[in-house]
Amino acid sequence: MLDDMDRRLLRYWQADPSLSPGELAEHCGMTPGKAARRIAKMQEDGVLKGVGAVIDWAALGYTVEVSLRITLDKTQSSAFDDFLTQARTIPEVTEIQTFLGRVDVRLNVIARDMAHYQQIYRAGILTLPHIADIEALMQVARIKSQQALPL
């Protein structure tokens, strides 16, 4: 379990991921070595899965974002695995989630425009195996997008 110092490290790192290890240690009131050991332990324990860039897809020309809710035909035991294996290969699929209930899978798809989305949909999504039903939800606005947790 995390102690107060671990939570403090995570709080500062969430607030400013650009902090150097030395700056992070200074903010937390510990030596750089101690901070590095704690960070390494959290990585080893799977608490920290990585550090990455947050990309504004619209700034790169991907102005269309669609969430696809997919129900699979589960008459074959390999339906989930087959579907997920092939869905991972579509570069414009930025997120894949699985669910219990009527909807089995949600795919987040980005595209440059509607023509590009139609190309992805027809040549990529519709060729995925075991699809029984698809519901498309086009994103109009992102109101909140936050990965940080209250630590």
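The values are calculated or read from the model by the stated rules, or taken from the named source; none is laboratory data. Keep in mind the model is a prediction, meaning the values are calculated, not measured. No Cβ is skipped: glycine too gets one built from the backbone with ideal geometry, and neighbour counts run over all protein chains shown. Each accessible area value is taken on the protein alone, full model and side chains, heavy atoms only, with ligands, DNA and RNA left out. Shrake-Rupley method; radii C 1.70, N 1.55, O 1.52, S 1.80 Å.
Screening the candidates ALA132, ALA141 for the property of being touching a residue at least 12 places away in the same chain (Cβ under 8 Å) and either closer than 18 Å to LYS74 by Cα or assigned to a loop (DSSP other than H, G, I, E, B) (or both) yields one hit, ALA132. Across the stretch 1-43, the qualifying residues are those that are of a type in the set (Asp, Glu) and within 20 Å of LEU149 (Cα to Cα), and the one among them that is nearest to the chain's Cα centre (by Cα) is ASP16.
Taken over the stretch 14-35, residues that are out of contact with any helix residue (DSSP H, G or I) (no Cβ under 6 Å at 6 or more places or on another chain) and either open to solvent by less than 70 Å² (accessible area, probe 1.4 Å) or in a helix (DSSP H, G or I) (or both) amount to 11.
Of the residues making up the stretch 1-13, those that are assigned to a helix (DSSP H, G or I) and either among the charged types (D, E, K, R) or surrounded by 15 or more Cβ atoms within 10 Å (Cβ to Cβ) (or both) number 9.
Screening the stretch 103-129 for residues that are in contact with a helix residue (DSSP H, G or I) (Cβ under 9 Å, 6 or more places away or on another chain) and in a helix (DSSP H, G or I) and picking the one that is farthest from PRO17 (Cα to Cα) gives THR127.
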